[in-house]
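Structure, as structure tokens:
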Amino acid sequence: MKGLIQRVQHASVHVDNECIGHINQGLLLLLGVERQDTEEAADKMLHKVLNYRVFSDDAGRMNLNLQQVNGGLLIVSQFTLVADTKKGLRPGFSMGATPEQGKTLYSYFVQRAQATYQHIGTGQFGADMQVSLVNDGPVTFLLET
């Protein structure tokens, strides 16, 4: 499982010109599910996302996590994140989960996030989404399980 987190001032996701998820200060998570991923991998990723220290403390150092700053978490599925880009000029998706497996694990991840943390927004699995954000920093990290 791969998660690209971006520290944001605010972020939103739209489907068919309708805002279906938004947050103020927090993290935008683009979540990619790979073929070998399990619920255990999803739990590990959620723990990392909620506890990864990317927010500044009083001394200006990245020592605080999402929960400590009471920030929002916007979770957006993104299968292209798991593409193989090592060869050629076209991405390969053989490592990506099937649509059914991806939807199941994405839904599991969202449900666990909502049960664990209160400030959650989401995209819509499989939809054509428009994601807007103001990256704060910029701060961006690729997390893997």
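Nothing in this text is a laboratory measurement; each read-out follows from the coordinates by a stated rule. Since this is a predicted model, take the numbers as computed values, not measurements. FYI the Cβ positions are ideal-geometry reconstructions off the backbone, even for glycines, and counts take in every protein chain you see.
How large is the helix-only mean residue ellipticity at 222 nm for the chain, computed as the sum of -39500 (n - 2.57) over DSSP H runs with n ≥ 4, divided by its residue count, in deg cm²/dmol to the nearest 500? Can you show the working numbers first?
On the way: 2 runs with 31 residues, N = 145.
Helix contribution divided over all residues of the chain: -7000 deg cm²/dmol.
Per-residue HN-Hα couplings for the range 105-121, Karplus 6.51 cos²θ - 1.76 cosθ + 1.60 at θ = phi - 60°, whole Hz, x for Gly and Pro?
3J(HN,Hα) across the range 105-121, in whole Hz: 6, 4, 4, 4, 4, 4, 4, 5, 5, 5, 6, 9, 9, 8, 9, 10, x.
Less than 12 Å Cβ to Cβ from LEU64, Lys/Arg counted +1 and Asp/Glu -1: what total charge do the surrounding residues give?
+1
Just need log10 I(q)/I(0) for the chain at q = 0.10, 0.20 Å⁻¹, Debye formula, equal scatterers on the alpha-carbon atoms, no solvent, rounded to two decimals.
The Debye formula, applied to the Cα set alone, gives -0.33, -1.24.
Considering only the range 2-144, what is the antiparallel percent among its DSSP beta bridges, to the nearest 5? Spell out each step's value before the answer.
Details: 27 of 36 bridges.
Antiparallel bridges make up about 75 percent of those DSSP assigns within the range 2-144.
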